[in-house]
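Starting off with a structure, shown below.
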Amino acid sequence: MPHPTYASYLRLDELLSSQQPLTPPEQRDLSDSERLFIVVHQASEILLSQVLVDLGHLDAGRCGRSCFTHRVDRAVRLVDALTGQLTLLRRTLRREDFLRFRERFGTASGLESEQFKELFLRVRRLTRHGGGARPPEEARHLGELDDAVRRWRSTHLELVGHMLGDLPGTGETSGGRFLAARLDDGPAGERPAAQPPRPDREPDREPDREPDREPDRGDAPGPRALPASSASPVPSAGHRLRHVVVVGGSVAGLLTAHVLADHAERVTVLERDHYEDAPGPRAGVPQSRHTHVLLTSGMNALDELLPGLLTELAEAGAPRLAVPGDLGVWQAGQWISRRHPSAPIMTPSRPLLEHRVRRRVLAGPRIDVRTGTEATGLLGRPGRVTGVVVRQRGAAHHTRQDLTADLVVDATGRTGRTPQWLAGLGGRSPAEEVVDTGRAYATCVFHADDPAGDLRGFYIVPDAGQPFGAIVLPAEGDRWLVTLSGPRDEAPPTDPEGFTGFADRLPHPAVHKWLSTARPVTRPVGYRHTANRRRRYDRLGRDHTGLLVVGDALCALNPVYGQGLSVAALSAVALKRELAGGRVPPVHALQRAVLRSSRPAWDVATGADSPMPGAAGNAVRGGPVARLLDRYLARVRDRVPGDPVVCTANRDVLFLLAPPRTLLTSPRVLRRALLTTAVPTPRDLPTP
Ligand SMILES: Cc1cc2nc3c(=O)[nH]c(=O)nc-3n(C[C@H](O)[C@H](O)[C@H](O)COP(=O)(O)OP(=O)(O)OC[C@H]3O[C@@H](n4cnc5c(N)ncnc54)[C@H](O)[C@@H]3O)c2cc1C
């Protein structure tokens, strides 16, 4: 029998003739929009059919353990692809088009999808009745599937809300609000009459009316014997939180407070510093004197959280640069060509950014801030946090006070003491993962002319073979922030001459030459706590409740990659999405969502730092597979300067626009990294 052709094998004739918009072809633009709508829904149904095949295999009990993991994992990825389809529609389908062609559907509605009904039923059956009795590894995979379906639902809800607002839905439902009310239900008519509680989450309850107060136990609350399982009802999942306390009023804490304020009766932000009226460095954020970049992903996330903020920053003088178009980026022994496609970054000073975020967030309803107030411990018992112990700074001990909350958010940054506080309650502390290269920083502010060649800054990237780095960027107020870095035992000096002299050790003379003509306006300041450190609060267990950890307190990254602020913003967006259904999921689900949002940055930073000389810590990547991966990534890096495709893919990963695995899975990048030789770029400063 002859082999089928590509087209006959895939039945392309049938497939490609199945898009039949109801809009007349004369209305070409509208008809094409409707076609997009049809294509995305058809593609979703096809992907969904594969999910059901995989889950059907599990249901039939035909799977051993590795088959189970493989099938569930595949289903998770497919459901994530379905979520991606919704995002695609949200980004590409104009609302006004949708509202026009939707008239023609009659009452046809997404809720009629038999396959989606089937999916919800199967997932509910697997996770609710079977999940608890399974081995932990299988239960974990099912939890991920459940999370993926929740993500699909909340993205679907967001899409419907965006397209319909409060207009009625086509299935004679009331659009966005109707779906919001149903986010935790199956599709219409499919909800079982009585639902047993899920084994993996707290039963949904209204919050307790009276907060239980713990006695004041000061800095080191003593252990209590009550095990988590005997805790009284926990208001961790339900419609609305009564009181959220956010400890730490810097970028991560403020953005988290902003998101949670939509789901709480009130939010109190505690900050140990006093805020100044104008932007300025402050003691609680020692890194505020150092160069900070806002990556493209962070800009997008901030724009979603606080629309108009980027314009405010630009109006206050924050520069916006194209990378690599505006920068001299030195990597792998060469300048990166400035003609490669660029993406934007912003370089407000850290105090300006925080000041503008603060002004916007604290103007919101339901948020109070208490400055000069330091948290000194947690209230609660093992597995359950019920509030914080606070004291007024500079006041005597008797000012200590208990502040109860049904959710405490730890946003105390890199030096946060929550692990010790949890231990003080007699509970478990999170496991810690560390990769520390010992990189030492120093930053100095200069007045100077623009560097030669139309450049607006430099980024000299250190690597395993070349340990010195530099970041030179403009900030508002006609200033240049210059950060130099070196390995543990070769820290940049903090006297002005020594600082400038240190730049001579960089692999190209351009920065030193420019710096020699610049005028310092501050003394250089050093910084040494640059380890990548991640605390696994997500592994404290599903019963652990009342505490959510965000920002650097959860995942602090080597600053050389400039990711921390963007991760804080991306995490707040992840939280927003997780809460999009209008109900507050268990804290554990929120914690996992926040951790997940920081994972690409963690993988980038620890992946790049692991092969550095002197890298230490329990999460340093090692072994033959890691070495092979490092060899491949070194080939990728070598091709970045001269190859626009590899440069763009690599930049998207560094800017947290694409997951690191794309460098391994993109056929174009693979082909170039493995089959081509690196194209050298000129040694002179790169021209535009
Ligand atoms: C040298 C350096 C350079 C960096 N460069 C960049 C960059 O270019 N781009 C980028 O995106 N990121 C950069 N980062 C990372 C970025 O600064 C952090 O990721 C970001 O500030 C994290 O914000 P956060 O809110 O989690 O913590 P922080 O900003 O550290 O804030 C913690 C807050 O908690 C308060 N606090 C602490 N303990 C208590 C307590 N017990 N009670 C009450 N309040 C408390 C502190 O006063 C502070 O306000 C850099 C970091 C460093 C160190």
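The values are calculated or read from the model by the stated rules, or taken from the named source; none is laboratory data. In this text, all values refer to a predicted model and were calculated from it rather than measured experimentally. FYI the Cβ positions are ideal-geometry reconstructions off the backbone, even for glycines, and counts take in every protein chain you see. Quick note on the areas: whole protein, heavy atoms, side chains included, nothing else; ligands and nucleic acids left out. Shrake-Rupley method; radii C 1.70, N 1.55, O 1.52, S 1.80 Å.
Mind ranking Met1, Met612 by accessible surface for me, highest first, 1.4 Å probe?
Per-residue accessible area, sorted high to low, gives Met1, Met612.
Here is a further query. Not counting the cut sites, what is the longest span of the chain without trypsin sites (Lys or Arg not before Pro) that DSSP labels loop and that have at most 11 other Cβ atoms within 10 Å?
The longest such stretch corresponds to 210-660.
Counting pairs of alpha carbon atoms under 8 Å apart in space and at least six apart in sequence, what relative contact order in percent does region 440-527 give?
40
Which value in deg cm²/dmol, rounded to the nearest 500, describes the helix-derived mean residue ellipticity at 222 nm for the chain, given -39,500 (n - 2.57) per DSSP H run of n ≥ 4 and division by the residue count?
-12000 deg cm²/dmol
Okay, next question. For region 417-463 and region 520-597, compute the distance between their C-alpha centroids and round to whole Å.
Rounded to whole Å, the Cα centres lie 14 Å apart.
Let me make sure I get this right: for region 440-527, a, b and c are the square roots of the gyration tensor eigenvalues over alpha carbons, sorted descending. Under 1.5 in a/c it's rounded, otherwise prolate if a/b > b/c, else oblate. Which is it?
oblate
Moving on. Distances over 15 Å make up what percent of all Cα-Cα pairs in region 608-675?
Numbers: 1238 of 2278 pairs.
So the pairs more than 15 Å apart make up 54 percent of the total in region 608-675.
Let me ask another. So for the chain: antiparallel DSSP bridges make up what percent, rounded to the nearest 5?
70
For the chain, what size does the Cα cloud have along each of its three principal axes, sorted from largest down, in whole Å?
The principal-axis extents, from largest down, are 77, 75, 50 Å.
Can you send over the solvent-accessible area of Cys647, 1.4 Å probe, protein chains only, in Å² to the nearest 10?
Approximately 10 Å² of Cys647 is accessible to the 1.4 Å probe.
While we're here: Under 5 Å between amide H atoms, partner at least 5 residues away or on a different chain: which partners does Val584 have, H built in plane at 1.01 Å?
Gly238, His239, Arg240
To continue, here is another question. Over region 608-675, calculate the relative contact order: mean separation of alpha carbon pairs under 8 Å at least 6 apart, over the residue count, as a percent.
Once divided by the residue count of region 608-675, the mean separation gives 25 percent.
While we're on this one: Helix hunt in the chain: which complete DSSP H runs extend at least 27 Å axially by C-alpha with mean Kyte-Doolittle at least 0.0? Don't skip to the answer; put the middle values down first.
Numbers: long enough: 28-59 (45 Å, 0.31); 65-92 (40 Å, -0.15); 136-164 (41 Å, -0.71); 587-609 (32 Å, -0.14).
Span-like helices here: 28-59.
With all distinct Cα pairs included, what does the Kirkwood hydrodynamic radius of region 292-406 come out to in Å, to one decimal, could you say?
18.0
If amide H atoms are built 1.01 Å from N in the plane of the peptide, which residues on other chains or at least 5 residues away come under 5 Å of the amide H of Val549?
Asp410
So what's Rg/Rh here for region 531-663, counting alpha carbon atoms and using the Kirkwood radius for Rh?
Rounded to two decimals, Rg over Rh is 1.02.
Still on this structure, I have one more. Relative contact order for the chain: what percent, with Cα pairs under 8 Å and sequence separation of 6 or more?
Details: 1317 pairs, mean separation 97.5, N = 688.
Relative CO of the chain lands at 14 percent.
How much of Val434 can a 1.4 Å solvent probe reach, expressed as accessible area in Å² and rounded to 10?
Rounded to the nearest 10, that gives 30 Å².
Which value, in Å³ per residue, describes the convex hull spanned by the Cα atoms of region 1-98?
146
Another question about this same structure. Given the alpha-carbon gyration tensor of region 520-572, what are the semi-axes of its equivalent ellipsoid in whole angstrom, ordered largest first, with each equal to the square root of 5 times an eigenvalue?
Rounded to whole Å, the semi-axes are 30, 12, 10.
Then there is this: Amide H of Thr386 versus every other amide H placed in the peptide plane: which residues, excluding those fewer than 5 positions away on the same chain, fall under 5 Å?
Leu379, Gly380, Arg381
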